[in-house]
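> Can you read through this structure? Questions will come right after.
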Amino acid sequence: MTGALGFMLSWIDQIKREGSVASEYALAVELVVIDHPVAFVQYGAGSFEESYGSTLPAGNHVFPVMSIGPSDEFPHHLERFDEDLWNLAGHHQPSRPTFSLR
C-alpha cells in the first residue's frame, strides 16, 4: 500500500513537471478491506511471520486528504501514511522506515 502511494506521488510529480500550467494536486486514499481482517506486515518485511499479529480491520477506511506539493515533501507523506496504517491496525509502528523516491 505504501509502495502504491509512492507510485502515485511519482506519477503526480511527472505530470507536474510536464504540465505547462501550475496546478494543485491532492490524494484521497480510501482502503477497502472486504469481509475479514487482513494481515498487515511492516514495509520491507520478507514474510508474514514479521506481522507482529497485526491486521487491518474489515470495512471502508478513509485517510486524510494529502495536499501534494514539491517532491521533497513526498517522504513525509509516505511516513505519515505508514503511521496511519499502523494506527488503523491498532499498533504503534515497530520501527520507522525511511522512504526515498528516486
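What follows is calculated from the coordinates using simple rules that are stated; it is not laboratory data. Worth saying up front: this structure is predicted, and the values here are computed from it rather than measured.
> Taking the Cα atoms only, what angle lies between the long axis of helix 2-18 and the longest principal axis of the chain, rounded to 10 degrees?
Helix 2-18 sits roughly 0 degrees off the main axis of the chain.
> Mind telling me which of 23, 71, 54 comes out most flexible in a GNM of the chain, alpha-carbon contacts under 10 Å?
Of 23, 71, 54, the most mobile in the Gaussian network model is 23.
> If you fit an axis through the alpha-carbon atoms of helix 74-88 and take the longest principal axis of the Cα set of the chain, what angle between them do you get, 0 to 90°, nearest 10?
30
> For the chain, what is the calculated [θ] at 222 nm in deg cm²/dmol (nearest 500), taking -39500 (n - 2.57) for each run of four or more DSSP H residues and dividing by its residue count?
-10500 deg cm²/dmol
> For the chain, with equal point scatterers placed on the C-alpha atoms only and solvent neglected, what are the log10 I(q)/I(0) values from the Debye formula at q = 0.18 1/Å, to two decimals?
Debye curve over Cα of the chain, log10 I(q)/I(0) at q = 0.18 Å⁻¹: -0.90.
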